[in-house]
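Read through the structure below, which is laid out as structure tokens, and then see the notes.
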Amino acid sequence: MSAPAAIEVTNLNKTYDTVDAVKNLSLTVQHGEIFGLLGPNGAGKSTTLRILITTLSPTTGTATILGHDVVKEADTVRRLIGYVAQERAIDRFLTGREHLLLLADLYHLKKDEALARIETLLKLVNLEEHADRVAKGYSGGMKRKLDIACGLLPNPKILFLDEPTLGLDVQSRLNIWDHVRKLKEQGMTIVMTTNYLDEADQLCDRIAIIDRGEIRAIGSPKDLKASLGGDGIWLTLSDATPEALEQLTSALQGLPFVRGIRPRENGLDIRVDGPEKALPAIMETTNKIGCLLDGIEYHRPRLDDVFVAHTGRSLTNEPAPPEA
Amino acid sequence: MNEQIQEVLALTNRWVKRLSREKFSMLFTLIQPMLFWLIFFGNLFQRAADVQVVQAPNYMSFLAAGVVVMTVLNNGLAGGVDLLFDKENGFLERLMATPIRRSSVILSRFLFVMAITGMQILVILGVAFLFGVSAETGIMGIALILVLGMLFGIGLTSISMAMAFSVKSHGDFFSVLGFLSLPMIFLSSALVPLVAMPGWMQFFAFFNPMTWVIDAVRPLIISGWSEALPQVGIALVVLVAFDALCLYGGAKAFKRSVG
């Protein structure tokens, strides 16, 4: 029997009154990966996160953290995880250091160990200068840094982040991403919720696309995009007669990296594994059969395309329904 | 056990820190209204109130007990407010994700509210003293007043916390609070003795636990031990029943909210 996965969720359901916030959700998070729960507000990702950090009990189904049940062994789970709360969960009347001191007592650290760890963490997140200021005056970025320090204080095996860059400016965002990547390098398992596509795309090893309480797709951003049929190369022909298109299609069909060819207006949409080999070969083929090109475009599928394909709507344009 | 002490102390320390950083807004809103009752209401009715009816040397000395218990009422009913904000901004979630005993948050709140209430009772008694009212039963009597006040406060704070955990928004919380507070005061023996009330008000006041507490605190201030002790005995019985009921309800609301 192999060691338990970092997180194992099986048939999880959470019902509020009559609303199903989470429906039959199952997923596995491996050790050392950054796992993203991607979806619009109210999709059920926060509910799932709260069940995993033991602050909410599931209606049915189970979830285990490093083999420990989040309901039956909640106390054990709480000792293994760190939680980076949303930025507004800061006590504006306490200083940064006081937040950490409070948590140190709640994790039952000894005084000298607590002080040493807090010093290290403040240095790590670059907040030493402001550690003794009341949090009321902190910027959004500083609050997030403090949040991360709070999450790391217990030396967790698994770190949970709730919308870690919500409402942050670009600089602070990249900063937070850097921190998360460094933690992964140190071997930490990280689970985060996000409704930013680029964040899921660039930061997460694997993501679960959640919509209306259900998982619609799960995998690495790369695989999810590839599952749409690969990158697209769009050719526009100068003289797009049906015969010319036919001829070109049959000439391209045999190439090894071509995964599919579809007609589009005045040309072809060719799905390929990657542009490096495909582009030169396609050019060569068109030259060989004497087909004149008017234009050539290269499209990488974006995560948004994946999202649309699985949920039927765009994450970026949909007005957010109210959070359950 | 040691771990829980560490948790409760740290959490209580946070409430103290918060108070010390917004002392003006908080301390004044909590103490001031009650002091005003004593200073203005007490002096206003000093001559208007009939000492034959209130059965006290003067109205101020009659009112002191009422104001002491009103302070307990206000502090107790407001005792859950900070938890309500913690719940709304997610701080409570942060606390609940740590390996603490669920009861530690509640206990820290009790400790803090009781300490504040105790200090405010002393302030009220101090101001009453400046107006010539001193407790007939002396230091021991004051200690007993503190005990009665805190016992009443535990039940009230439980109600407040139960509400904080149950309400959908803090608007609801404050509406209920505002709605409860004044009738509790008028329908009790805080301002007038029960015998001087219209029948229907007397009826409600009789079932108001506040009446029983006031009727025990009052003789401790204006009469002496022999008259006070039987009243204190009754009040203790009422308070134990009241607290048991409130704690039971509070525990249920807490369980439903945070599991």
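The values are calculated or read from the model by the stated rules, or taken from the named source; none is laboratory data. Here the structure is a predicted model, which is why all the values come from computation and not from measurement. Here the Cβ positions follow ideal geometry from the backbone for every residue, glycine too, while neighbour counts run over all protein chains shown. Just so you know, the surface numbers come from the protein's heavy atoms only, side chains and all, with ligands and any DNA or RNA stripped out. Shrake-Rupley method; radii C 1.70, N 1.55, O 1.52, S 1.80 Å.
Can you flag which of A:Lys145/B:Lys23; A:Lys123/B:Lys17; A:Lys145/B:Lys255; A:Lys157/A:Lys184 are past 22 Å Cα-Cα?
A:Lys145/B:Lys23; A:Lys123/B:Lys17; A:Lys145/B:Lys255
Taking amide hydrogens as modeled 1.01 Å from N in the peptide plane, which residues meet the under 5 Å criterion relative to A:Leu293, leaving out close sequence neighbours?
Those qualifying (amide H under 5 Å, at least 5 residues apart or on another chain) are A:Ser238.
Among A:225-236, A:124-135, A:39-50, what's the highest-first ranking by average C-beta atoms within 10 angstrom per residue? Kindly include the intermediate steps, with their values, before the conclusion.
On the way: A:225-236: 18.3, A:124-135: 16.3, A:39-50: 23.3.
Put in order of decreasing packing, that is A:39-50, A:225-236, A:124-135.
When the solvent-accessible surface of protein heavy atoms is calculated with a 1.4 angstrom probe, in what order do A:Trp177, B:Trp212, B:Trp200 fall, highest first?
Correct descending sequence by accessible area is B:Trp200, B:Trp212, A:Trp177.
Only helices at least 27 Å long along their axis, Cα-based, and averaging 0.5 or more on Kyte-Doolittle count here, so list those DSSP H runs from chain B. Each step should come with its number before you reach the end.
Details: long enough: B:2-21 (29 Å, -0.73); B:103-130 (41 Å, 2.06); B:138-166 (42 Å, 2.04); B:225-258 (47 Å, 1.00).
In chain B, the long hydrophobic H runs are B:103-130, B:138-166, B:225-258.
Calculate the spin-label point distance for B:Arg102 paired with B:Asn43, positioning each point 7 Å from the Cα along the beta-carbon direction, and give it in nanometres.
Roughly 5.1 nm, to one decimal.
For a quick size check, give me the Cα extents of chain A along its three principal axes, largest first, whole Å.
Sorted from largest, the Cα extents of chain A read 80, 45, 43 Å.
Tell me whether the stretch A:93-202 comes out rounded, prolate or oblate; compute the Cα gyration tensor, take square roots of the eigenvalues as a ≥ b ≥ c, and use a/c under 1.5 as the rounded threshold.
Oblate shape, in that a/c is at least 1.5 and b/c is the bigger or equal ratio.
Pull out a ≥ b ≥ c, the square roots of the eigenvalues of the alpha-carbon gyration tensor of the stretch B:141-247, then state rounded if a/c is under 1.5, prolate if not and a/b is larger than b/c, and oblate in the remaining case.
The shape class here is oblate.
Taking the highest mean first, how do the peptides B:123-134, A:149-160 order by number of other beta carbon atoms within 10 angstrom per residue? Show your work: numbers first, answer last.
Numbers: B:123-134: 16.5, A:149-160: 22.0.
In descending order of packing, they fall as A:149-160, B:123-134.
Starting from the stretch B:1-98, pick out the GluC sites (Glu not before Pro) whose DSSP state is loop and whose Cβ has at most 16 other Cβ atoms within 10 Å.
Details: sites: B:Glu3, B:Glu7, B:Glu22, B:Glu88, B:Glu93; in loops: B:Glu22.
Sparse-neighbourhood loop GluC sites (Glu not before Pro): B:Glu22.
Rank-order A:52-60, A:180-188, B:76-84 by packing density, defined as the average count of other C-beta atoms within 10 Å over each peptide's residues, highest first.
B:76-84, A:52-60, A:180-188
At a probe radius of 1.4 Å, figure out the A/B buried accessible area, summed over both chains, and give it in Å² to the nearest 100. Provide the component values of the computation, followed by the final result.
Numbers: alone 16200 and 12820 Å², together 26450 Å².
Summing both sides, the interface buries roughly 2600 Å².
Give me a comma-separated list of calculated 3J(HN,Hα) values for the stretch A:76-84, in order, Karplus coefficients 6.51, -1.76, 1.60 applied at θ = phi - 60°, integers in Hz, x for any Gly or Pro.
After applying 6.51 cos²θ - 1.76 cosθ + 1.60, I find 4, 4, 4, 7, 9, 10, x, 10, 9 Hz.
Could you give the accessible area per residue of the protein assembly as shown, probe 1.4 Å, as a whole number in Å²?
45 Å²
If you plug each phi of the stretch A:95-103 into the Karplus form 6.51 cos²θ - 1.76 cosθ + 1.60 with θ = phi - 60°, what whole-Hz ³J(HN,Hα) values come out, in order, with x for Gly and Pro?
Karplus values, whole Hz, x for Gly and Pro: 7, x, 5, 5, 4, 5, 5, 4, 4.
Report the FRET efficiency, 1/(1 + (r/R0)^6), for A:Asp75 and A:Ala3, where r is their Cβ-Cβ distance and R0 is 22 Å, rounded to 0.05.
For R0 = 22 Å, the calculated efficiency reads 0.55.
What does the charge count around B:Val195 come to, taking other residues whose C-beta lies under 14 Å from its C-beta (Lys +1, Arg +1, Asp -1, Glu -1)?
-1
Just add up the charged neighbours of A:Gly274: K/R +1, D/E -1, any other residue whose Cβ is under 10 Å from the Cβ of A:Gly274.
-1
Once you put a point 7 Å from the Cα of B:Val147 and another 7 Å from the Cα of B:Val240, both along the Cβ direction, what distance in nm separates them?
Going from the B:Val147 label point to the B:Val240 one covers 1.2 nm.
Would you calculate a helix-derived [θ] at 222 nm for chain B, using -39,500 (n - 2.57) for each DSSP H run of n ≥ 4 and dividing by the full residue count, to the nearest 500?
Helices in chain B give a 222 nm mean residue ellipticity of -27000 deg cm²/dmol.
What does the average come to when, for each residue of peptide B:6-13, you count the partner chain Cβ atoms lying within 10 Å of its Cβ?
For this peptide, the per-residue mean of nearby foreign Cβ atoms is 4.
Less than 10 Å Cβ to Cβ from A:Arg300, Lys/Arg counted +1 and Asp/Glu -1: what total charge do the surrounding residues give?
Working: positive: A:Lys225, A:Arg302; negative: A:Asp231, A:Asp305.
With Lys, Arg at +1 and Asp, Glu at -1, the net is 0.
Need one word for the stretch B:115-159: rounded, prolate or oblate. Basis is the Cα gyration tensor (sqrt eigenvalues a ≥ b ≥ c); a/c below 1.5 gives rounded, then a/b vs b/c decides.
prolate
Return the average number of partner chain Cβ atoms within 10 angstrom of each residue Cβ along peptide B:98-108.
Average neighbour count from other chains, rounded to a whole number: 4.
In nm, to one decimal, how far is the modelled label at B:Ile5 from the one at B:Leu130, with both set 7 Å along Cα→Cβ?
3.9 nm
When you look at the Cβ of every residue in A:207-214, what mean number of other chain Cβ atoms sits within 10 Å?
0
Pull up all non-local amide H partners of A:Ile7: gap of 5 or more, or a different chain, and H-to-H distance under 5 Å with H placed in the peptide plane.
The answer is A:Val29, A:Leu66.
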